[in-house]
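Everything on this sheet refers to the single structure shown next.
The values are calculated or read from the model by the stated rules, or taken from the named source; none is laboratory data. Computed from a prediction, not measured in an experiment: that's the story for all the values here. Note that each Cβ is placed from the backbone with ideal geometry, even for glycine, and that neighbours are counted across all protein chains shown. Only protein heavy atoms, including side chains, enter the accessible area calculation; ligands, DNA and RNA are left aside. Shrake-Rupley method; radii C 1.70, N 1.55, O 1.52, S 1.80 Å.
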Amino acid sequence: MFKQILSKLPRKSSKGSEHREHGGSGRSHGVTTSKSSNLVVAGGSKQGNSSSLNAGQHRGNRAQIPLGVNENPNGNFNSYEALPAFRDVPDSEKPSLFMKKLKMCSVVFDFTDPTKHLKEKEIKRQALVELVDYVTSANAKFPENVMQEVVKMVSVNIFRTLSPQPRENKLVDGLEVEEEEPSMDPAWPHLQIVYELFLRFVASPELDAKLAKRFIDQSFVLRLLDLFDSEDPREREYLKMTLHRIYGKFMAHRPFIRKSVNNIFFNFMFETEKHNGIAEFLEILGSIINGFALPLKEEHKLFLVRTLIPLHKPKCLAMYHQQLSYCITQFVEKDFKLADAIIRGLLKYWPITNSSKEVMFLGELEEVLEATQPPEFQRCMAPLFRRIAHCLNSLHFQVAERALFLWNNDHIVNLIKQNRKVILPIIFPALEKNARSHWNQAVHSLTLNVRKIFQDLDPDLFKECLQKFEEDESKEDEVTAGREATWKRLEELAAKKAASSEAVLIGKPTRSSAG
């Protein structure tokens, strides 16, 4: 009978036989829930618009039709009747009613058509709200059959094939221009409460993790991770909280979760460079890294070097840079000896032609340097300040300005002062060129301030660097003059031999004339 119902429900075609609600539009990041039966659903009155219906795909319902759900000969629901409220039945009947409501909520409706099954959808929504209250107020351990039914109901509702809307991703200076609203799922009035139910179920002290891992197994976790590619930011937020709870409660799953997320990162970096949930994954990892025990395991150091640092390479870095930078600085704060490897990694992936990414790298570099100790700083300061010198001379004023802002950080200034004999000769030419000819007034003023810091700190070293700079400038002028003289001789000889067929042989310029 249930297959007959599904065959007659309107649905979008899909490659698999499984189907359920998905798609929608709008932008609403906020969700509000409460422990009472008056749980408020954000955007509950919105059903999405026609531009988002292409995203609708369904997964088949694996649950049987419960009591109170009937169909007429035309295949339409005509008696999806509400079950009694928990407050209206004695305590002895509540576990049985809980199971019935779970089965009722395992029926999935088509939300791509907002005019269909309005009564049934509201009955299901009210049942889901009651289930949330029941799980929240539970004061006895959940038995295995309840765990199984909860996971089954959640799986039927949330697991589906994500089918994003086709759109053009245009890059301007490395940043993705968002021309369209993210795809919002029209089924969110139900999905949000299902996520809320599962989140509270996993967080409940009445859930025995040793028993529950039979149902919340590795296969379930993998399907949960796949959902992070959802275009709906509200769904990704719930997924983030749920995965974090699972990681905290199911210790046996921790290595598997880290490995699976790592694989998603590799696929993103080296294959697609497209994934909607990278920022959420990194936010979870930031919390996990914060809890790493010391000394750090070799596995975690390899994760830093092989995964987190290469994540700076994709063009869409701006979408998740804040979370990535937090993870990186967490590692430095955990083990300051990693600063050298991190700084060299940043230099390896440093953007050459992308000014907006350079500004992000300089901001992250400041956070790393703030946690860097002198021995690690000395190992990488030469290549680091060669790169900073290039940034100081950047024609993009934001890059040059951000590089000069490093001298506003007291810890970094102290590191520079201690190693000024190495650093000043590297960056002095860049400072002097900025002071003489940079087009931006703010960069010019900041350069004079930094220049004065070195001049007051070590006048002799400053004078020595200035003298060396002027000598190099003079030699460069001589080289330029010699080159111009060579071209002039070529032009004169070419003019004399223009009427003849004789070859023109030019002697090699002497070192004195060429500089």
Burial-style ranking of 354-365, 312-323, 441-452, average other-beta-carbon count within 10 Å with highest first, yields 354-365, 312-323, 441-452
Calculate the dipole size of the range 369-502 relative to its Cα centre from +1 charges on Lys and Arg beta carbons and -1 charges on Asp and Glu beta carbons; express the result in debye to the nearest 20.
220 debye
Just order 97-103, 124-130, 218-224 by mean Cβ neighbour count inside 10 Å, highest at the front, would you?
124-130, 97-103, 218-224
Mind listing the phi-derived Karplus ³J(HN,Hα) values for the range 306-319, rounded to whole Hz, using 6.51, -1.76 and 1.60 with θ = phi - 60°, and x for any glycine or proline?
8, 10, 5, 5, x, 5, 7, 7, x, 5, 8, 3, 4, 5
What's the ranking of 90-96, 265-271 by average number of surrounding C-beta atoms within 10 Å, highest first?
265-271, 90-96
What shape does the range 222-325 take by its C-alpha gyration tensor, where a ≥ b ≥ c are the square roots of the eigenvalues and a/c under 1.5 counts as rounded, a/b above b/c as prolate, and the rest as oblate?
oblate
According to the square roots a ≥ b ≥ c of the eigenvalues of the Cα gyration tensor, what is the shape class of the range 261-391, taking rounded for a/c under 1.5, prolate for a/b larger than b/c otherwise, and oblate for the remainder?
oblate
Of W350, W439, ordered by accessible area with the largest first and a 1.4 Å probe, the sequence is W439, W350
Taking a straight Cα-to-Cα line shorter than 17 Å from K121, and setting aside same-chain aspartates and glutamates fewer than 8 residues away, one finds E21, E71, E81, D110, D113, E130, D185
Lysine pairs within the range 395-489, Cα separation less than 17 Å, 8 or more sequence positions apart or different chains:
10
So what is the accessible area of the range 398-456 per residue, in Å², with the probe set to 1.4 Å?
47 Å²
Determine the alpha carbon to alpha carbon distance for each of K249/K315; K152/K249; K101/K213; K141/K213 and list only those over 26 Å.
K249/K315
In nm, the gap between the two label points placed 7 Å beyond Cα toward Cβ at A85 and K468 is 8.2 nm
Simple SL model, points at 7 angstrom along Cα→Cβ for V422 and A140; separation in nm is 6.9 nm
